[in-house]
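The values are calculated or read from the model by the stated rules, or taken from the named source; none is laboratory data. On a predicted model such as this, the values are computed, not experimentally measured, just so you know. Cβ atoms come from the backbone with ideal geometry, glycine included; neighbour counts cover every protein chain shown.
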Amino acid sequence: MNHDAWLEQADLYALGALDGEERAQFEAHLATDCAICAARLREMGEALRALPESLPSVAPPPALRARILERIAAERAPAAAPVTLRPARRPSRAVWWAGWAGLAAAAVLLVFVNTELRTTRQEVHTLQGRVATLQAELSRREETLRFFSDPGVRYVSLAGLKPSPEASAWLLWNPSTRQGLLLARGLPAAPAGHAYELWALAGGQPVPAGVFSVDAAGRGLLRLAELPTDHAFDTFAVTLEPTPGVPKPTGPMHLLGKV
């Protein structure tokens, strides 16, 4: 088995798609201290950890906001009952000073209560933001797990062409739901004003599937755009195009792979 085949096995191993004799053969190959395959597994692990970030965020349930507002309302102090003043004799100096001291103490207490109430409300708003963030993160993770566990997902390998012979990519593609995730690696940095664009081809007719950039290591991650349901896509390709993308490919093709 040549090393390109071992690298494809490494991709499948990282996804948990190897079993039986193929898994045993690959693990035996890893036991030979193959630095290339070990590096590929580390790279795939980083990419899989980054996948949830590419999925859309989901708003928290409306019931959460209602519960928090009820908690704030419950913490509000009841309004003080009105006091009826009656004519009285002129108080003595001692009583007069005592009355002012009581009013001053009440004012200080009122300021303290208002400060504590504002602090409590701020803490509630902070907790609300944290809960919303956790809800969105949980939804992204659940969406990722549903995508990976779908038996209809296919693995598509894209090979580097003449402009980038060392580049490659893999695509997880579900023909039924038209959902897909692309991880590219080894692509050169795009010139200013340009980016890489993924194309889904049906009978040779290209349909735009999304635009992505790459990091300093030449890696790019893309969640495919919504694709038409009346096409049977059999090929995927990546070209270099002007940002923010074009309706038809015009630039050099860097990656190509068949479903």
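Per-structure values
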quantity	calculated
Matching strands (runs of 3 or more DSSP E) fully within the stretch 139-250 where at least 3 residues are closer than 26 Å to ALA5 by Cα	154-160, 168-174, 179-185, 194-202, 220-223, 235-242
Residues satisfying the stated conditions in the stretch 213-258, i.e. hydrophobic (A, V, I, L, M, F, W, C), closer than 23 Å to GLU43 by Cα and in contact with a Lys or Arg (Cβ under 9 Å, 6 or more places away or on another chain)	VAL214, ALA217, LEU224, PHE236
So ARG178, is it touching a residue at least 40 places away in the same chain (Cβ under 8 Å), touching a helix residue (DSSP H, G or I) at 6+ places or on another chain (Cβ under 6 Å), of a type outside the set (Phe, Trp, Tyr) and surrounded by fewer than 18 Cβ atoms within 10 Å (Cβ to Cβ)	no
Qualifying positions in the stretch 1-35 - free of Cβ contacts under 8 Å to residues at least 60 places away in the same chain and outside any helix (DSSP H, G or I)	MET1, ASN2, GLY16, LEU18, ASP19, ALA31, THR32, ASP33, CYS34
Check on GLY16, more than 26 Å from the chain's Cα centre (by Cα), on the phi > 0 side of the Ramachandran plot, modelled with pLDDT of 70 or more and not assigned by TED's automatic domain parsing to the domain that holds GLU123	no
Single unsatisfied condition, ASP234 versus (1) among the charged types (D, E, K, R); (2) touching a residue at least 12 places away in the same chain (Cβ under 8 Å); (3) within 19 Å of LEU187 (Cα to Cα)	(3)
